[in-house]
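Written below as structure tokens is the structure these notes are about.
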Amino acid sequence: MVLDNVIHDHQDTHLIKDQNSLSIGGPPSFVGILGFILSKIFPWITPPLIYAYTCPKAISLLKEFSDYNLISRYLMIQSTCPYFRLQYSSDKNERTLLLKNPPKRFNLADFNWEFVNPPVAIVGSVYHEFSNHKIFTSLRNLCSYIAFDPQGCFRQVTTEGNIKFRNWWDTKIIKNVNCLKVSETEAKFLKLGTHFVEIITKILETPVTSVLLTRGNNGTILGVRNPDIHIYDIPAYSGGTIVDKTGAGDIFLFTFVIHFLTFNNELDAVAFATSVTSLFIEQKRFRGRFTKDIIGLRQEKIRSKIIEFLR
């Protein structure tokens, strides 16, 4: 991406041209930082343009990063952000999301969409801002590939600002999505079945061609249709010490999509994404071991342990 292709006018409307990839929603700010780091290691990666709600932690990390001024050129933080804070309990490493003034529906009219080539869109929701299928119909007309993390669609906010799960499945949205990422817990609220193989198979009977079902320390279940359906068990990388998982899902989806669209191999892509994400959650403030050799060694180890489920 060329930095001068991002222009902010006086009406606070964003003109975007010649973009390789977009990441919209929240909080994908971490993708902007790590995308910038990875672009220095792998020439086939370009930092994505980020249109994001963000959280206090992301802002503090951005400001401490030595290349903040350069990275911030890739970030278009919505001026009226909802307030949310991610918290982990010290003993169980479980996340609690506190959300006040939930975000309003995402409005494509905030942008003048002008592209030389159709971009890739990676969409992540905080709450229900992407719950309208018309948003995805419009994105489908603008983008070459859409990946969606619908985590916010499963959320119901209590009066205290805490989150409860709710059922979600919208066929009008799904028909416009190429890659869908859900957690193991979220998958249960799709109400498509009782076993992950059954759930993933039903998803792949829609226009979706790739499904990432994340299971934390138990790894990921990858489902692909090309043209037949195949479902794989992807192990998590073991051996490192987890420091903080905040933003891991955004990193995982971004690195999977960018690798897959570059090299057209889902298994290599998910091994790469698992490798990068494992390093990400072991870091503090993005300092440390993001090198081509370490990422490659982890990728090879993960790739060698992938097995296919019999259906």
5 angstrom amide H check on Val123, placed H, neighbours 5+ away: Ile24, Ala147, Phe148, Asp149
Amide hydrogen neighbours beyond the local backbone of Arg155, cut-off 5 Å, H modeled: Arg166
Pairwise centroid distance, computed over Cα atoms, of segment 131-192 with segment 263-282, Å: 22
Histogram of C-alpha separations across segment 150-282, 5 Å bin width, %: 2, 10, 20, 22, 20, 15, 8, 3, 1, 0
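Would you mind getting me the FRET efficiency between His230 and Lys172? Use the beta-carbon distance for r and R0 = 25 Å, nearest 0.05.
Numbers: r = 27 Å, r/R0 = 1.06.
With a Förster radius of 25 Å, E is 0.40.
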Trypsin sites (Lys or Arg not before Pro) within segment 168-197: DSSP coil, no more than 16 neighbouring Cβ in 10 Å: Lys175, Lys191
Translational diffusion of segment 231-275, µm² s⁻¹ [Kirkwood Rh, Cα pairs; Stokes-Einstein; 20 °C; 1.002 mPa s]: 190
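Counting only other residues whose beta carbon sits under 13 Å from that of His128, what net charge do I get with K and R as +1, D and E as -1?
Working: positive: Lys104, Arg105, Arg155, Arg166; negative: Glu129, Asp170.
Once all neighbours under 13 Å are counted, the net charge is +2.
Laboratory data are not the source of any read-out in this text; all were calculated from the coordinates shown. This structure is a prediction, so every number in the text was calculated from the model and none was measured. Heads up, the Cβs are rebuilt from the backbone with ideal geometry, glycines too, and the neighbour counts pull from every protein chain shown.
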